[in-house]
Amino acid sequence: MSPSGAGGLLGRTSASTPDGGGEDGDALTRDEIFDLMSNHRRRYTLHYCKRADGAVELGDLAEQVAAWEQDKEISDLTSAERKTVYTSLQQTHLPRLEQAGVLRYDRGEVELTERMERLDIYMDIVPENSVPWGVYYLGLSVLSSLVVAALWADVLPTGTVPLLAYPTVIVAAFGLSAAYHAVTNRRYQFENLERPP
């Protein structure tokens with residue numbers, strides 16, 4: 001892994017590390033990334049922008065963020081609810097995200113930068129009570145090793161079952177697991193959720 005980690009977005013220390021992807025050229029530290037993601041209005045902003053195709057209007061963004069906050073339809077929002085979010089985004093959150101180099105805010109238009117793609121690893125959602133994939137694959141590897149060891153020890157039947165059936169089942173188990181893993185990861189990607197976390 002490079003010294004700045006996560007594709008250059010993440011610095012190892014609080015000191016700035018050259019990134020080349022941001023407007024100021026500095027890498028974000030892990031603490032800065034978590035600080036960006038800790039506020040729900042910033043997460044909602046990034047979610048809305050990732051789902052949009054290109055630049056979005058601040059007014060539209062503020063309405064959707066307010067709707068998510070209030071758990072209402074946009075048409076049911078009050079003027080005060082819209083204005084509170086609009087002002088907060090304009091004065092606090094958009095400047096903070098722009099300073100981090102993940103979006104551009106100009107004349108009422110908000111657009112993500114390429115640097116935002118490098119934040120994706122921090123934005124994937126892990127379902128509650130799920131087994132970590134690393135642990136799952138480790139278990140599958142142990143089980144596969146036991147099958148191979150049993151074949152070497154001539155414990156498993158090979159007369160009635162073709163010898164290649166065992167490795168075929170092992171490869172199929174890994175292949176199906178990997179396919180399910182890929183589909184699950186895609187389903188829980190930040191931009192694929194209807195409502196942001």
Discussion item. Can you find, within region 53-79, the residue that is farthest from the chain's Cα centre (by Cα) among those that are outside any helix (DSSP H, G or I) and under 22 Å from MET116 (Cα atoms)?
Written reply: GLU57
Item to complete: Output the residues belonging to region 65-118 that are under 18 Å from ARG51 (Cβ atoms) and of a type in the set (Gly, Ala, Ser).
Response: ALA66, ALA67
Worksheet entry | Scope region 36-52; condition part of a helix (DSSP H, G or I) and surrounded by 17 or more Cβ atoms within 10 Å (Cβ to Cβ); matching residues | LEU36, ARG41, ARG42, ARG43, TYR44, THR45, LEU46, HIS47, TYR48, CYS49, LYS50
Worksheet entry | Contacts under 6 angstrom Cβ, first residue in region 25-54 being outside the structural domain of ALA100 (by TED's automatic domain parsing) and closer than 17 Å to GLY108 by Cα, partner assigned to a helix (DSSP H, G or I) and not small (Gly, Ala, Ser), 6 or more apart | none
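The values are calculated or read from the model by the stated rules, or taken from the named source; none is laboratory data. These numbers come from a predicted model, not from an experiment. All Cβ positions, even for glycine, are placed from backbone atoms using ideal geometry, and neighbour counts span all protein chains on display.
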